1. Determine whether region 393-406 contains at least one residue that is part of a strand (DSSP E or B), β-branched (Val, Ile, Thr) and either under 25 Å from Arg306 (Cα atoms) or in contact (Cβ under 8 Å) with a residue 24 or more places away in the chain (or both).
2. Find the residue count for region 386-411, including only residues that are within 20 Å of Ser322 (Cα to Cα) and open to solvent by less than 20 Å² (accessible area, probe 1.4 Å).
3. Output the residues belonging to region 250-292 that are open to solvent by less than 50 Å² (accessible area, probe 1.4 Å), within 16 Å of the chain's Cα centre (by Cα) and over 22 Å from Val230 (Cα atoms).
4. For Ser154, are the conditions met, namely being among the small types (Gly, Ala, Ser) and either part of a strand (DSSP E or B) or modelled with pLDDT under 85 (or both)?
5. For region 180-221, what are the residues that are outside any loop (DSSP other than H, G, I, E, B), among the β-branched types (Val, Ile, Thr) and in contact with a helix residue (DSSP H, G or I) (Cβ under 7 Å, 6 or more places away or on another chain)?
6. Considering only region 306-315, state which residues are out of contact with any helix residue (DSSP H, G or I) (no Cβ under 9 Å at 6 or more places or on another chain) and either in contact (Cβ under 8 Å) with a residue 24 or more places away in the chain or open to solvent by less than 70 Å² (accessible area, probe 1.4 Å) (or both).
7. Residue by residue through region 339-385, note down the ones that are open to solvent by 40 Å² or more (accessible area, probe 1.4 Å), polar (S, T, N, Q) and assigned to a loop (DSSP other than H, G, I, E, B).
8. Out of Val370, Val351, Val366, report the one residue that is in contact with a Pro (Cβ under 9 Å, 6 or more places away or on another chain) and among the β-branched types (Val, Ile, Thr).
Amino acid sequence: VLSVNNLYIQLTLKPSLVKSKIAPLTRYEDAQVGQCYEGTVVNVYTKGLLVSFYGGVSGFVPERKINFGYDDSPENMFYIGQTVKCYVVDVDVPEERITLTFISPHDREECEVEVGRSYTMTITTVGSNGLQVHHGLELSPAKHLTDSPVLAQSLVNTYKKGTKIVAYCWNINNPCQPVFTLRPSAVNFFTDNANASVLDLGSSAVEVGMIMPCSVARIKSFGIFVELPVRGLYEPLFVPLKEVSDEDLASAEDFGVTLHQGLMCKVINIKDNGKLFVTLRLSMCWDNNLEDSVELLKNHLKDSDRIIKHLKKQGLTTAQLSHGDKVSGVVVEASNLGAVVKLDMDVETLVMPQHCPRGVKQGDKVDGKVLFVDPISGRVDITFNPLVLELINQEQDGKVREDCEVDTHLRMRVVVVTSNFLKVILKGDKGCYQFAYVPTSIHLNHLHPDIRQYKLGANQKMVLKRTVKS
């Protein structure tokens, strides 16, 4: 008997159902997460399948949960009336809604790797999507290589086939197909002893108030789905629009994130059934620790250096330049908005008005110094302003005076403004007129820093927070 109502009784003669030893699902209240049930396909959509069980109970299998090995659409893989075995992912009894999957959670548990543990692997393929490694079929998406999404794709090209890397298992999305990560925010979480219980016990050790890294799994107008690196938590968590940002967004797509991008989330509620609720709001996820911004910028610069070294080996012209280098060129065009200068190395660059000498005009030959180079975009910032040139130390070795320690107050002049940092010159004997960096983003979730508040040529005070060798 499939179902009974006042008018009729619905029966089945399907041998697979009649002879099935799997306990029938007859009520929404009886559905257990992770449990396997047998049902019948009653509708096939491009977005998934509608599966009917007993007593009018039905559930939906989203396209992503049908079969990780197929690229075909559900309409070409299934038919109405087909008997299928599926596993419960989520249950909402009041709404009479069940989310299903064809992927067994037990397959993940039998996997040889564990979430949060480090593994040494050999790169077998360097592709546009990321790195494939010799450890089964694992794939490290490009954005799992860095906390700076803008650098991800360029960073992939710096790796070579056959190279050994040490990476951490981020999650197990499909049966024995782990995703590994090199993102500093994730690595720090995995190596922090304070999180040992979560790594050992999994989702049962997660508590309200915990802040942990997450990865964007899907983006919808009404919210964002994120993955957490927690054993036993295999399904993405839904973050509603109101918990995505402190800003009043019309759509979560306006948040400006991309798939696999790393963020931080905070656990704000745990239901009796163990279901987690998290927020991405900056005001909730940031504890006002300025070291977060310093660490974020340090990692960004480290990744940038790796890319520049790679491009330098490739012979890219702009990658041969370093800040402080002397350059010469000819003014191609000049106005009150600045000047376009063609350098002797056959590279054109826009020089901002604050870095142009007074009265500069088309055809003038100029000598200056490099302030900033971004080989990825081809951007080269140069100054020809004598007042700025005299501030730049001939020897840019990153060394300040010996008594200039962390938390020392220094004076600086802003010479470059980007969305990730300010490039400044440290003024005075303590700073030794060295180039330095000031973060504009305070946190991983601070996606849209207002850089309009920073002005080229401004003289300001700063506090030294960190010096990094090389």
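1. No: zero hits.
2. 2
3. The answer is Ala252, Phe255, Gly256.
4. No, not satisfied.
5. Thr181, Val198, Ile211, Ile219
6. Passing the criteria: only Gly315.
7. Gln362, Ser377
8. Being in contact with a Pro (Cβ under 9 Å, 6 or more places away or on another chain) and among the β-branched types (Val, Ile, Thr) holds for just one of Val370, Val351, Val366, which is Val366.
The values are calculated or read from the model by the stated rules, or taken from the named source; none is laboratory data. Note that the coordinates shown come from a computational prediction; the quantities given were computed from them, not determined experimentally. Cβ: placed from backbone, ideal geometry, glycine included. Neighbour counts: every protein chain shown. For the accessible areas, the whole protein counts, side chains as well, though only heavy atoms, and no ligand, DNA or RNA atoms are used. Shrake-Rupley method; radii C 1.70, N 1.55, O 1.52, S 1.80 Å.
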